[in-house]
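**Student:** Here you go, one structure.
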Amino acid sequence: MRFEIVTIFPGFFSGIFEHGIVRRAVAAGRVAIGIHDLRAFAHDRHHTVDDRPFGGGEGMVLKPEPIAEALGSLGIATKTEGNRQGTRVILLSAQGRRLQQSIARELASLDRLVLVCGRYEGVDERINELYCDEELSIGDYVLSGGELAAAVVIDTVARLVPGVLGNEASSEFESFGAADAEIAADRDGVPRSQHGAGGLLDYPHYTRPAEFAGLRVPAVLVNGDHQQIRRWRREQQLRKTLRNRPDLLEGATLSGEDRELLYAIRAEEQKRTR
Ligand code: SAM
């Protein structure tokens, strides 16, 4: 999969993709990242990319011509012209659809994702109208530019590109994982779950030493009973989701066993707060 970033700050990305999974994905040729300096498409003496807003008001707005030319250089026509199969053009914007794992999964199936980074007050709206398939936000807060958001989108999507994560199915078993994954056992033979995370948060993880700062790892994790471990992990997922993100439970895929566990957890919580 190829990512293209259109930005006035290409230097922002130096180093950011040179770590961990994204670096390995690039090295293995599964992911490629192109960074395109918007100023190279501004032809006046000062390479001007912004101008004052029509109608007055604070700040500056990114001009449409350099962005249109940058997209044209990537072979991207307007939405009404040209074939865009396999490519999606996204405008990073606080006003966009909020990024979540299900959107990242959808984007990971594309051949090419083009990310237009705004700055100042934003991008001339005609770019959105003519070229962008959607606006995407990384959360309900305002960043000073789209670059950080583009990096977040790439990090989130790249690890879901087929073949990028070591264990193909592992993204299904982390927080927000899909419900339809089928994996009976982890590498060490421990069953993770009968189905994917189903939209719940992940369970807590522990590693050596078995005792740290007076705290021992939960005994169930060292007793070798795989069914108990699976059940304990599922219960922890339900507990954490109920505590930190109860909204996720509404859309979660829950088995009969999950519902029983949840019922017991809620009863226990009620007893404690009474
Ligand atoms: N005037 C805009 C508004 O009120 O929505 C804010 C512009 S912001 C200062 C500049 C740029 O940062 C935006 O054009 C966008 O590209 C990026 N940006 C800001 N917040 C973002 C968010 N939550 N998600 C994605 N991009 C964001």
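**Student:** Explain nothing, just the number: dipole magnitude of segment 55-140 about its Cα centre with +1 on each Lys and Arg Cβ and -1 on each Asp and Glu Cβ, in debye rounded to the nearest 20.
**Tutor:** Values: 10 positive and 14 negative charges, 64 e Å.
Using Cβ point charges on Lys, Arg, Asp and Glu, segment 55-140 gives about 300 debye.
**Student:** Another question about this same structure. Report, in debye and to the nearest 20, how large the dipole of the chain comes out about its Cα centre when Lys and Arg carry +1 and Asp and Glu carry -1 on their Cβ. Walk me through the intermediate numbers first.
**Tutor:** Working: 35 positive and 40 negative charges, 207 e Å.
Its charge dipole is roughly 1000 debye.
**Student:** Could you check the simple spin-label distance between GLU211 and ALA32, using points 7 Å along Cα→Cβ, in nm with one decimal?
**Tutor:** Simple spin-label model gives 5.6 nm for this pair.
**Student:** Moving to a separate point now. Tilt of helix 256-273 relative to the longest C-alpha principal axis of the chain, in degrees (0 to 90, nearest 10)?
**Tutor:** The angle comes out at about 80 degrees.
**Student:** Further, regarding this structure: Quick one: in segment 3-56, what % of C-alpha pairs are over 18 Å apart?
**Tutor:** On the way: 711 of 1431 pairs.
Value for segment 3-56: 50 percent of Cα pairs lie more than 18 Å apart.
**Student:** With springs connecting C-alpha atoms under 10 Å apart, model the chain as a Gaussian network and identify which of GLY55, GLY256, GLY29 has the largest mean-square fluctuation.
**Tutor:** GLY55
**Student:** Another one. Once fully extended, how much extra length lies between ALA77 and ALA219, figured as 0.36 nm per residue of separation less the alpha-carbon to alpha-carbon distance? Numbers along the way, then the final one.
**Tutor:** Working: separation 142, 0.36 × 142 = 51.12 nm, distance 5.97 nm.
Length gained between ALA77 and ALA219: 45.2 nm.
**Student:** Would you give the gap between the C-alpha center of segment 218-257 and the C-alpha center of segment 75-89, rounded to a whole Å?
**Tutor:** Here the answer is 44 Å between Cα centres.
**Student:** So, by mean Cβ neighbours within 10 angstrom, what's the order for 57-65, 125-133 with the highest one leading? Provide the component values of the computation, followed by the final result.
**Tutor:** Numbers: 57-65: 15.1, 125-133: 17.4.
Descending mean neighbour count gives 125-133, 57-65.
**Student:** I would also like to ask the following. Count neighbours as other Cβ atoms within 10 Å of each site's Cβ, and list the trypsin sites (Lys or Arg not before Pro) in segment 11-96 that are DSSP loop with at most 12 such neighbours. Please report the intermediate quantities before stating the final value.
**Tutor:** Numbers: sites: ARG23, ARG24, ARG30, ARG39, ARG45, LYS79, ARG84, ARG88; in loops: ARG30, ARG45, LYS79, ARG84.
Sites meeting the loop and neighbour criteria: ARG45.
**Student:** Still on this structure: Only bridges whose two residues both fall in the chain count here: according to DSSP, what percent of them are antiparallel, nearest 5? Numbers along the way, then the final one.
**Tutor:** On the way: 5 of 27 bridges.
Among the beta bridges of the chain, antiparallel pairing accounts for roughly 20 percent.
**Student:** At 7 Å along Cα-to-Cβ for each site, give me the label-to-label distance between ARG39 and ARG245 in nm.
**Tutor:** Those two pseudo-labels are separated by 3.9 nm.
**Student:** So how far apart, in nm, are the two label points at GLU134 and HIS47 if each is 7 Å from Cα heading toward Cβ?
**Tutor:** 3.3 nm
**Student:** While we're on this one: Per the Debye formula with a single identical scatterer at each Cα and no solvent contribution, what log10 I(q)/I(0) holds for segment 2-158 at q = 0.10, 0.18 Å⁻¹?
**Tutor:** -0.34, -1.14
**Student:** Now, a different point. List the aspartates and glutamates whose alpha-carbon lies under 15 Å from that of LYS240, not counting same-chain residues fewer than 8 positions away?
**Tutor:** Qualifying aspartates and glutamates at Cα under 15 Å: GLU174, ASP202, GLU250, ASP258, GLU268, GLU269.
**Student:** Tell me, in nm to one decimal, what length is gained between ALA264 and HIS226 on full extension, where the rule is 0.36 nm per residue of separation less the Cα-Cα distance? Mind showing how you got there, number by number?
**Tutor:** Numbers: separation 38, 0.36 × 38 = 13.68 nm, distance 2.14 nm.
Stretched out fully, the ALA264 to HIS226 stretch lengthens by 11.5 nm.
**Student:** Further question on the same structure: Projecting each Cα onto the charge dipole of the chain (Lys/Arg +1, Asp/Glu -1 at the beta carbon, about the Cα centre), which of GLY20, ALA104, HIS46 comes out farthest on the positive side?
**Tutor:** GLY20
**Student:** Give the span of the chain's Cα atoms along each principal axis, as three whole-Å numbers ordered largest to smallest.
**Tutor:** 71, 47, 41
**Student:** If the only charges are +1 at each Lys and Arg Cβ and -1 at each Asp and Glu Cβ, what is the size of the charge dipole of segment 2-158 around the Cα centre, to the nearest 20 debye? Don't skip to the answer; put the middle values down first.
**Tutor:** Values: 17 positive and 22 negative charges, 121 e Å.
Result for segment 2-158 is approximately 580 debye, rounded to the nearest 20.
**Student:** Now for a separate question. Peptides 197-210, 261-274: what's the order by average Cβ count within 10 Å, highest mean first? Write out the running numbers ahead of the final one.
**Tutor:** On the way: 197-210: 16.4, 261-274: 11.2.
Highest mean packing first, the order is 197-210, 261-274.
Every number in this text was worked out from the coordinates using simple rules, so none of it is lab data. Please read all numbers here as calculations on a predicted model, not as lab measurements. Cβ: placed from backbone, ideal geometry, glycine included. Neighbour counts: every protein chain shown.
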